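What follows is a short report on a single structure.
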Amino acid sequence: MTTTTYSIGIDLGTTYTAAAVYRDGAAHAFLLGSRGATVPSLVFLRDDQAVLTGEAAERRGMVEPTRLAREFKRRVGDSAPIMLGQTPYSAERLMAALLQDVVTAVATREGRDPAHVAVSHPANWGPFKIDLLSHGLDLAGLRDVTLVTEPEAAAVHYASKEHIEAGSVVAVYDLGGGTFDAAVLRKTETGFATLGEPEGIERLGGIDFDEAVLAYVREQLGGKVEELDGRDPSVRVAMARLRHECVQAKEALSADSETTIAVALPNVHTDIRLTRAELEPMLRPAIAETIEALRRAIERSGVPTDRIDAVLLVGGSSQIPLVAQMVTSALGRPVAADAHPKNAVALGAAVVAAREAAARGPAVAAGAPSGPAPVAADPQPGGGGGDGAGGTATGPEGWATASVPRPPTTPTTAAAPTTAAAPAIPAAPAAPAHRPTPPPDRRPAADPSRRRLALVAAAAAVVAATVTAFAFASGGDDTPDQVAATPTDPTAPATTASTAPAATVPAGPPCDAGS
């Protein structure tokens with residue numbers, strides 16, 4: 001059975017992770033969570049060493065916060081381990097766990113492996129951090145993954161929705177949960193080219209805004225939080241809930257002018273009112289810092305500010321109304337905000353993945369931007385972990401190496417189908433280099449006993465021919481009885497051979513072709 005192939009784009013953010021699927025000429029946000037398209041970028045280690053990610057990790061982490069890892073994207077490149085209970089983890093191992101679960105969730109829902117996977121990363125990451133990300137992908141069992149910067153992925157998504165002429169220049173303002181990225185890109189005939197060097201602030205994003213709201217609540221409570229014992233598990237759970245309430249309040253103020261924060265601590269139960277007018281002064285200094293970074297990126301691009309066609313606002317924190325106000329005021333350029341900024345990077349990465357799959361061959365990339373193409377099905381039922389009915393896509397370049405991790409399988413020869421012709425499959429690979437092919441003129445040695453048998457038969461034939469020639473020369477007659485007495489066993493002694501004509505003497509077994 002052949003089904004439409006698809007490609008995956010993943011945006012592993014500091015606070016949230018998003019995924020998108022590209023098929024049939026369009027990218028769609030994939031519903032990872034039960035409450036929305038994104039899931040928290042969290043990893044939890046259970047007592048039995050099993051790992052939970054996303055919403056499951058969030059639920060368990062409320063009760064056992066010391067076993068929960070959060071904001072580990074900020075720790076990429078940090079040699080200090082991240083402790084989950086008593087177990088040390090590196091940031092790339094935690095990223096691997098989350099990436100593996102995301103790809104597995106998508107492939108399970110789709111019923112087959114993806115044609116290709118693209119993963120985004122901050123534009124200001126250097127070779128060292130990119131190498132650590134690649135190592136995390138290896139740990140997740142993902143091979144041959146395309147890496148794309150977050151600003152470039154956002155620009156690709158924007159171009160897929162809006163018509164952008166080749167040569168147009170866009171600036172990307174990406175304010176996420178934990179990092180800020182700024183880059184200037186020029187539209188080309190095939191994609192986008194980064195101009196100059198991207199700018200970024202590694203430790204500035206929505207997390208810092210959450211801390212500002214929490215600090216405001218602490219101040220309003222007048223020291224009640226400081227009285228609590230942080231070692232008490234009930235206090236830890238209560239503080240985790242209070243932090244969640246602060247995040248909800250910050251997000252609510254992007255649409256409303258005021259909100260209420262519920263406080264349920266062991267020593268105080270109350271509600272605290274927060275307005276947008278009170279929140280914005282807390283955020284203004286940090287936003288001003290991001291705009292300065294954007295200015296530096298524009299200066300490095302060599303493009304005058306007035307030649308920037310648009311500023312793309314990407315990332316969940318860019319939804320804060322103050323961001324658009326300050327960017328427009330500072331640069332005097334039109335801003336373009338995506339309706340779902342949390343998914344923009346993942347959607348663009350999915351387009352990049354589909355283009356890469358298309359570039360590798362039409363059989364790999366059905367539904368990619370270049371147009372759908374038929375994909376051969378695996379003739380073996382259940383082969384390769386497909387859609388449950390034996391439908392595993394195959395194609396050149398072996399794209400399944402970039403899909404859900406699974407143990408390697410040994411190719412076997414399937415029996416010929418009885419009801420329909422077998423679908424075309426890729427040609428078998430050449431013999432490995434470590435298995436030399438014997439020279440054409442070398443044949444295996446014959447069995448020694450057969451060689452001896454052939455030599456004896458040949459000798460008997462020669463003796464019989466000699467005796468017959470002598471008989472004719474001497475003029476003797478042969479009687480029927482003499483002819484009948486001619487031995488037929490080629491292993492009999494030569495002295496028992498008769499003087500019958502040579503034509504009546506058995507020639508013995510034929511010579512072995514291998515002798």
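The values are calculated or read from the model by the stated rules, or taken from the named source; none is laboratory data. Since the structure is predicted, the reported quantities are computational estimates derived from the model, not experimental observations. Using ideal geometry, Cβ is built from the backbone for each residue, glycine included, and neighbour counts are taken over all protein chains shown. Side chains are part of the model used for accessible areas, which takes the heavy atoms of the whole protein and leaves out ligands, DNA and RNA. Shrake-Rupley method; radii C 1.70, N 1.55, O 1.52, S 1.80 Å.
Brief remarks on what is shown
- Equivalent ellipsoid semi-axes, the range 12-88, via Cα gyration tensor eigenvalues times 5, rooted, Å: 27, 15, 9
- Value of D in µm² per second that Stokes-Einstein yields for the range 88-195, Kirkwood Rh from Cα pairs, at 4 °C (1.567 mPa s): 84
- Convex hull volume per residue for the range 174-228, taking Cα atoms only, in Å³: 85
- Global geometry of the range 297-351, whether rounded, prolate or oblate, following the gyration tensor of its Cα atoms and the 1.5 cut on a/c: oblate
- Eligible lysines near LYS342 by straight Cα distance, threshold 26 Å, same-chain separation 8 or greater: LYS73, LYS129, LYS161, LYS187, LYS250
- Accessible surface of the range 257-330 [probe 1.4 Å, protein heavy atoms]: carbon and sulfur percent: 46
- Isotropic mean projected area of the C-alpha convex hull, the range 105-167 (nm²): 6.1
- Applied to the range 325-332, the Karplus parametrisation 6.51 cos²θ - 1.76 cosθ + 1.60 on θ = phi - 60° returns per-residue 3J(HN,Hα) values of 4, 6, 5, 4, 5, 6, 9, x Hz, with x for Gly and Pro.
- In the distance distribution for the range 203-313, Cα-Cα pairs more than 23 Å apart total 43 percent.
- Compactness ratio for the range 231-371: Cα radius of gyration over 2.2 N^0.38 Å (N = residue count) comes to 1.47.
- Note on exposure: SER301, SER160 ranked by accessible area (1.4 Å probe, complete protein assembly) read SER160, SER301, with the most exposed listed first.
- Residue-wise HN-Hα coupling along the range 254-262, computed from phi with Karplus coefficients 6.51, -1.76, 1.60 (Hz; x: Gly, Pro): 6, 10, 9, 8, 7, 8, 10, 10, 7
- Each Lys and Arg contributes +1 and each Asp and Glu -1, all at the Cβ; summed about the Cα centre of the range 125-243, the dipole is approximately 320 debye.
- Converting phi to 3J(HN,Hα) with the Karplus coefficients 6.51, -1.76 and 1.60 and the offset θ = phi - 60°, the range 9-20 yields x, 10, 10, 8, x, 5, 10, 9, 10, 10, 9, 9 Hz in sequence order, with x at every glycine or proline.
- For THR17, the amide hydrogen comes within under 5 Å of the amide hydrogens of VAL39, SER41, counting only partners 5 or more places away or on other chains and with H modelled in the peptide plane.
- Taking the centroid of alpha carbons for each part, the range 1-44 and the range 83-123 are 11 Å apart.
- Distance from the range 143-164 to the range 192-243 (C-alpha centre basis), Å: 30
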